[in-house]
Amino acid sequence: MRITKEKKQENHDRIVAIASEMFRERGFDGVGVADLMEGAGLTHGGFYNHFASKEALIAEASAKGLSETLVRYAGYDLGEMIDAYVSRAHRDARGQGCTAAALSGEAARLPDETRSVFGEGIEGLVGALESNLAANQPASANARAQAISILAQAVGAIVLSRACPDASALADEILDTCRADCRAAVTNGHQKQ
């Protein structure tokens, strides 16, 4: 039975969305094609009608997840963005959280094609932070450097906090310390005008 182009695209989009969430939750190696297709309500054999390889899906699902992070924080001011990102809610929502925090360590070991997807997504995150900083600190010449520093600290805070047992005091202390540090970097930037 043949399916319409629209249905095929709908299935493709569903696979990418489910893969994006499952990869963030379990890692690239923690998700098999059979599990993924079952989660999408499709047969294992249909995978290759949509993707040349699992690597191709990894790249597309990662791009989707990184894009979702940009959209999620688009309406926030910088302080709200820091508070929402460097939070226990974000840390605990592994499958819905930032792809950079969930998978950058794994992406570093993947082929350049996939790493390029991460590079573009991270550049987008830096750009969003830089724009927010520049809008709030027009005289600041170091908005890009500040944006990179804040993003690196925020992502690192989520990664380290997730590495600790959820109920540990250290997991929360990492978030609290880094959130305060990121906010202080923004405040200090305002004072340098």
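The values are calculated or read from the model by the stated rules, or taken from the named source; none is laboratory data. Since this is a predicted model, take the numbers as computed values, not measurements. Glycine also receives a Cβ, built like all others from the backbone with ideal geometry; neighbour counts cover every protein chain displayed.
Okay, here's what the table says:
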{"read-out": "Residue within region 74-82 that is in contact with a Leu (Cβ under 7 Å, 6 or more places away or on another chain), surrounded by 15 or more Cβ atoms within 10 Å (Cβ to Cβ), in contact (Cβ under 8 Å) with a residue 24 or more places away in the chain and not hydroxyl-bearing (Ser, Thr, Tyr) present", "value": "yes"}
{"read-out": "When residues of region 9-20 are limited to those that are in contact (Cβ under 8 Å) with a residue 12 or more places away in the chain and more than 20 Å from Arg109 (Cα to Cα), the one surrounded by the most Cβ atoms within 10 Å (Cβ to Cβ)", "value": "Ile15"}
{"read-out": "So Ala135, is it under 21 Å from Val71 (Cβ atoms) and either outside any helix (DSSP H, G or I) or hydrophobic (A, V, I, L, M, F, W, C) (or both)", "value": "yes"}
{"read-out": "Members of region 1-32 that are at pLDDT below 95 and β-branched (Val, Ile, Thr)", "value": "Ile3, Thr4"}
{"read-out": "Options Ala128, Ala101: the member that is within 20 Å of Gly79 (Cβ to Cβ), small (Gly, Ala, Ser) and under 13 Å from the mean Cα position of the chain (by Cα)", "value": "Ala101"}
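Let's see how each residue does on (1) of a type in the set (Lys, Arg); (2) modelled with pLDDT of 95 or more; (3) surrounded by fewer than 20 Cβ atoms within 10 Å (Cβ to Cβ); (4) farther than 22 Å from Gly30 by Cα:
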| site | (1), (2), (3), (4) |
| --- | --- |
| Asp92 | no, yes, yes, no |
| Ser104 | no, yes, yes, no |
| Glu120 | no, yes, yes, yes |
| Glu123 | no, yes, yes, yes |
| Leu133 | no, no, no, yes |
| Pro138 | no, no, yes, yes |
| Ala141 | no, no, yes, yes |
| Arg144 | yes, no, yes, yes |
| Ser149 | no, yes, yes, yes |
